[in-house]
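Visitor: Below you will find the structure I want to go over with you.
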Amino acid sequence: MAQLTPMMQQYVDIKAQYEDAFLFFRLGDFYEMFFDDAVKAAQELEITLTGRGQGEDRIPMCGVPYHSADQYMSRLVEKGYKIAICEQVEDPKTAKGVVKREVVKMLTPGTVMDGKMIREKENNYLASFSIFEDESIGIARCDLTTGEGAVTMIQGGQTELLQELSATGAKEIVVSPNIEREQLTELERLLGVTVSYEEEAALDERYKHLVEDLSQSKLVTTYGRLLNYLSRTQKRSLDHLQKVEWYHAEEYMKLDLHTKRNLELVETLREKKKKGSLLSIVDHTVTAMGGRLLKRWIERPLLDEAKISGRQKAVTAFMNDYFLREEIRDELRQVYDLERLAGRIAYGNVNARELVQLKKSLQKIPLIEEKVTSLDDSFKDRWFTNEAPFEQVIDLLERSIVEDPPISIKDGGMILEGFNQELDTYRDASVNGKKWIAELEQKERLETGIKSLKVGFNKVFGYYLEVTRANRHLLEEGRYERKQTLTNAERFVTPELKEKEALILEAEEKMEQLEYDLFVMIREQVKDYVPHLQALAQTISEIDVLLGFATVSEKQHYQKPVLRPVGDVLIEGGRHPVVESVIQKGEYVPNDVALHPGREMLLITGPNMAGKSTYMRQLALLSIMAQIGCFVPAEKAELPIFDQIFTRIGAADDLASGQSTFMVEMLETQYALSKATECSLILLDEIGRGTSTYDGMALAQAIIEYIHNEIGAKTLFSTHYHELTALSDELEHVQNVHVSAVEEDGKVVFLHKVVDGQADRSYGIYVAQLAELPKEVTSRAEQLLKVLEGQNQKASISTEVEIGNETDNSKVKEPVTQLSLFGEELIDNKNQKTAEKKNDRNKLHTKEMDVLKKIQEADLMNLSPFEIMKLINDCQQELK
Ligand code: ADP
């Protein structure tokens, strides 16, 4: 490559420090990008790729205009990219050689402060994690728009890390450059986050006050890395950051990533939309801050009984007084986003219009306080103890800022008359000057007799007198000084006019500067109240969420659940909150759930589409709703406080991850089995479906036995393996239930009612008929089903193979030796071979049965160790 020009050299040097970001390089009125950045940006932004230089040395280049750069930048950031904004930091007119340029700020997904990427009802978190030598993991998060920061420590591996990171909902994650790339790729893939690096984890002195409450150095280091990244990329004061809160992950119900997604808590599984999620049902908040808090609550249900009942108490109070509740909500609707306003005040990017929003919001608070505390005295201690002197802020803003100021803080028009004497003097000068000019117009019209004579103003020439060409002859020569000739008119000035103009312009310029200075002063004064505002925002959010709970509970006839740290599940007339909202009113069939000793695990069978998944999810959702303090869709609900909920629902292929369905199924099951406790809820839907029938059935049975014998967690297990229902005879706490269906005039009607006992058939063919599969297929399937059912009565794996349990010999059925799976009448020449293969398999089966029988009958107590070894050896030989 030929020698680079000095400016390109400057570009290359700066770019080298921002390898992982698009470098927006300011050149006059444009931001330009070069080399690979240019090629990629042109593609992503659909803008023209040009070049600089000639021939082989031509450098790819593309650019966006400075004044509309924001939209291009936010499009890139939204796609997960980072941008380094490089400005000219000296005046090109006075610069010697190449104008000095520096990166003044970085825009990244986790640090954007405004624009489309900031959703009202969602936090915009940047997170970070550090893995320590003892394998503990520190996790920190921060929302730059609100200043909120939090840290926690967890133990565990990649799954726990993913679980906790997903709970933060972060858009970007900052890590040490030492973390293995492989681990990060998985994070990027599963969480859809942007990964950034920060080497330095030591906390800067300036920020020590933020971590005062953190007792562990690991927590400080974890937060330190995040803060250093913020300070390196934002390159400005981070005064608005709040004290970092240490939250204990174990204070909340654990919900792993898959469970959260499967249960569609905050977004739907496929479309990733809020509509159709639990959040969309319970979200009746009227403020953006309330919306954000609710989302955080749903992602972290509580474990503490007292805290839950505290929330329930408020919901009850709000439910009891419809009118007052609605009045408070009306007031809240007029409260702006205090949390983000506080963030902007401290960050220094608030404008006058937002300060008016702050004033209006604060004016509402006393009334809200009065109404809320009138419902229950104790709410005063709960929410309104730290009375902040907000009257002073209101008073300041009432005196200083006009009701409807412009968005820009540079052009004046913000400060009220009477607030500052100097400003008023300038204003008078400007107003008087303008008045004089208006009078001049009248005077000159009279004196010259030219009625159309007018005074105008433009930025280049200032004030002028304009006379049309037609009237020019009426003007006495030398009356004015000629300034500009237009096609149809001529423009003039007079020395007096220029004098007044100078006075007006000077006054206006001074006014603008003074207004700006005054505005900054006001902003600085308000900044002192930022911590109070943040606390107030928290209070308002909580009240808003709880009022929302009361609203939805009343509207949808939810009932207050009774929660106990441990205990039984007793739900009468429970409904799935989302499903009931999408089907016709009154069509939802309520269901009971009872789980107690002797009935800790339910094996659910029933036709496809009957409502098994709905029933299972319903219990999980009701538990989560109960543990966030909301009431639940049921006539009556008694629930234990679940420490964790695990789900393995559906058999959707996780193609994006490159893992097979069955592997995903097994991984999730493994996770549930290794982490669940007696106090957990496990939902397993059609486990084992992803492999061959016997394989699947055997696994399903083994899993049920393991949960039953080793864990004791409350479990709902739906299956299409009817054979498994026999387990309820052997496992003390397993109970069969099924979703009922009836046949009417040859058609199946799903009753969606869950009742005790097992289903007698699975009705899959009827579902196929409903789906309008060709008639040939469904009638052939019916024909085959009859044959298979005939066979099945003779061969049932679950009761044939009983390993380990004390077994009544009479229970071991005689093996079916010459079983033809398709029945003689169906075997034609074509499928003769298949039938033979099946026969081989059945013979094998017989061999296994012999071995099992041998083991079962062996009298171990009267055999020597050597004889036992021999027995096993014989068995092995037979199996070969
Ligand atoms: P399954 O898991 O048995 O295949 P689903 O739980 O997916 O069935 O339910 C299938 C459909 O049946 C749901 O989408 C819903 O529309 C309807 N459904 C399920 N349960 C109920 C119920 N209790 N009342 C009314 N409709 C229901």
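The values are calculated or read from the model by the stated rules, or taken from the named source; none is laboratory data. A quick note: this is a predicted structure, and the numbers were derived from the prediction, not measured. A quick note on method: Cβ atoms are made from the backbone with ideal geometry, for glycine too, and the neighbour counts reach across all protein chains shown. SASA here: full protein model, heavy atoms, side chains in, ligands and nucleic acids out. Shrake-Rupley method; radii C 1.70, N 1.55, O 1.52, S 1.80 Å.
Visitor: Please work out which residue is farthest from N228 (Cα to Cα), limiting yourself to the range 155-187 and to residues that are surrounded by fewer than 17 Cβ atoms within 10 Å (Cβ to Cβ) and aliphatic (A, V, I, L, M). Talk me through it step by step, then tell me what you get.
Guide: Restricting attention to the range 155-187, the residues satisfying the condition of being surrounded by fewer than 17 Cβ atoms within 10 Å (Cβ to Cβ) are 155-158, 176-186.
Keeping just the survivors that are aliphatic (A, V, I, L, M) gives 179, 184.
Details: I179: 17, L184: 20 Å.
Once the filter is applied, the top-ranked residue is L184.
Visitor: Taking the conditions exactly as written (surrounded by fewer than 22 Cβ atoms within 10 Å (Cβ to Cβ), within 16 Å of the ligand (Cβ to nearest atom) and in contact (Cβ under 8 Å) with a residue 40 or more places away in the chain), does E542 satisfy them or not? Spell out the reasoning first.
Guide: Working: surrounded by fewer than 22 Cβ atoms within 10 Å (Cβ to Cβ): yes; within 16 Å of the ligand (Cβ to nearest atom): no; in contact (Cβ under 8 Å) with a residue 40 or more places away in the chain: yes.
So E542 does not fit the description; no.
Visitor: Next question, about the same structure. Could you name every one of the strands (runs of 3 or more DSSP E) located completely within the range 693-758 that has at least 2 residues being more than 19 Å from L619 (Cα to Cα) and open to solvent by less than 50 Å² (accessible area, probe 1.4 Å)?
Guide: On the way: elements: 714-718, 734-744, 747-756.
Here the list reads 747-756.
Visitor: On to the next question. So, R329, is that one assigned to a helix (DSSP H, G or I), at pLDDT 95 or above and surrounded by 17 or more Cβ atoms within 10 Å (Cβ to Cβ) or not?
Guide: Details: assigned to a helix (DSSP H, G or I): yes; at pLDDT 95 or above: yes; surrounded by 17 or more Cβ atoms within 10 Å (Cβ to Cβ): yes.
Answer is yes for this residue.
Visitor: Then there's this: As an exercise: evaluate A38 against (1) among the aliphatic types (A, V, I, L, M); (2) under 16 Å from M106 (Cβ atoms); (3) crowded, with 20+ Cβ neighbours inside 10 Å and give the number of the one condition it does not meet.
Guide: Every listed condition holds for A38 apart from (2).
Visitor: Out of the range 614-646, which residues are within 16 Å of the ligand (Cβ to nearest atom) and open to solvent by 10 Å² or more (accessible area, probe 1.4 Å)?
Guide: T614, R617, E635
Visitor: Do we have any residue at all in the range 117-126 that's surrounded by 13 or more Cβ atoms within 10 Å (Cβ to Cβ), polar (S, T, N, Q) and over 18 Å from R236 (Cα atoms)?
Guide: Yes, that holds for at least one residue.
Visitor: If E572 satisfies all but one of (1) over 21 Å from L731 (Cα atoms); (2) in a strand (DSSP E or B); (3) within 10 Å of the ligand (Cβ to nearest atom), what's the number of the condition it fails?
Guide: Of the numbered conditions (1) over 21 Å from L731 (Cα atoms); (2) in a strand (DSSP E or B); (3) within 10 Å of the ligand (Cβ to nearest atom), the odd one out for E572 is (3).
Visitor: Of the residues D13, D37, which single one is more than 18 Å from T233 (Cα to Cα) and not basic (K, R)?
Guide: Values: D13 fails: more than 18 Å from T233 (Cα to Cα).
Among D13, D37, only D37 is more than 18 Å from T233 (Cα to Cα) and not basic (K, R).
Visitor: In the range 576-588, how many are near the ligand (Cβ under 7 Å from one of its atoms) and closer than 14 Å to M616 by Cα? Step through it out loud before you land on a result.
Guide: Taking the range 576-588 as the starting set, the residues that turn out to be near the ligand (Cβ under 7 Å from one of its atoms) are 576, 579, 583, 587-588.
Keeping just the survivors that are closer than 14 Å to M616 by Cα gives 576, 579.
Counting residues in the range 576-588 that are near the ligand (Cβ under 7 Å from one of its atoms) and closer than 14 Å to M616 by Cα gives 2.
Visitor: If you don't mind, another one. Could you tell me how many of the residues in the range 191-246 are assigned to a helix (DSSP H, G or I) and in contact with a strand residue (DSSP E or B) (Cβ under 9 Å, 6 or more places away or on another chain)?
Guide: Taking the range 191-246 first, the residues assigned to a helix (DSSP H, G or I) are 191, 205-211, 217-234.
Then drop every residue that is not in contact with a strand residue (DSSP E or B) (Cβ under 9 Å, 6 or more places away or on another chain), which leaves 191, 210-211, 218-230, 232-234.
Qualifying residue count, the range 191-246: 19.
Visitor: Can you name the number of the only condition in (1) crowded, with 19+ Cβ neighbours inside 10 Å; (2) in contact (Cβ under 8 Å) with a residue 40 or more places away in the chain that L279 fails?
Guide: All conditions pass for L279, except number (2).
Visitor: Confirm whether I47 is crowded, with 16+ Cβ neighbours inside 10 Å and among the β-branched types (V, I, T).
Guide: Numbers: crowded, with 16+ Cβ neighbours inside 10 Å: no; among the β-branched types (V, I, T): yes.
So I47 fails the test.
Visitor: Against the conditions (1) in a helix (DSSP H, G or I); (2) open to solvent by less than 60 Å² (accessible area, probe 1.4 Å); (3) in contact (Cβ under 8 Å) with a residue 40 or more places away in the chain, where does A502 fall short? Just the number, please.
Guide: (3)
Visitor: Within the range 553-560, does at least one residue satisfy the condition of being surrounded by fewer than 17 Cβ atoms within 10 Å (Cβ to Cβ), more than 14 Å from the ligand (Cβ to nearest atom) and over 29 Å from the mean Cα position of the chain (by Cα)?
Guide: Checking the range 553-560: not a single residue is surrounded by fewer than 17 Cβ atoms within 10 Å (Cβ to Cβ), more than 14 Å from the ligand (Cβ to nearest atom) and over 29 Å from the mean Cα position of the chain (by Cα).
Visitor: Another one. Collect the residues in the range 282-305 that are among the hydrophobic types (A, V, I, L, M, F, W, C), within 13 Å of F549 (Cβ to Cβ) and open to solvent by less than 10 Å² (accessible area, probe 1.4 Å), keeping them in residue-number order.
Guide: Of everything in the range 282-305, those that are among the hydrophobic types (A, V, I, L, M, F, W, C), within 13 Å of F549 (Cβ to Cβ) and open to solvent by less than 10 Å² (accessible area, probe 1.4 Å) turn out to be V282, L293, L294, I298.
Visitor: Suppose we keep only residues that are part of a strand (DSSP E or B) and within 11 Å of the ligand (Cβ to nearest atom) within the range 593-606. Which one would you say is surrounded by the most Cβ atoms within 10 Å (Cβ to Cβ)? It would help to see each step written out before you state the result.
Guide: First pass over the range 593-606, keeping only residues part of a strand (DSSP E or B): 593-596, 599, 601-605.
From what is left, the residues that are within 11 Å of the ligand (Cβ to nearest atom) are 604-605.
On the way: I604: 27, T605: 24.
Only one residue tops the list, namely I604.
Visitor: While we're looking at this one, here's another question. Looking at E90, E102, which is the one that is open to solvent by 80 Å² or more (accessible area, probe 1.4 Å) and not hydrophobic (A, V, I, L, M, F, W, C)?
Guide: Values: E90 fails: open to solvent by 80 Å² or more (accessible area, probe 1.4 Å).
The conditions single out E102.
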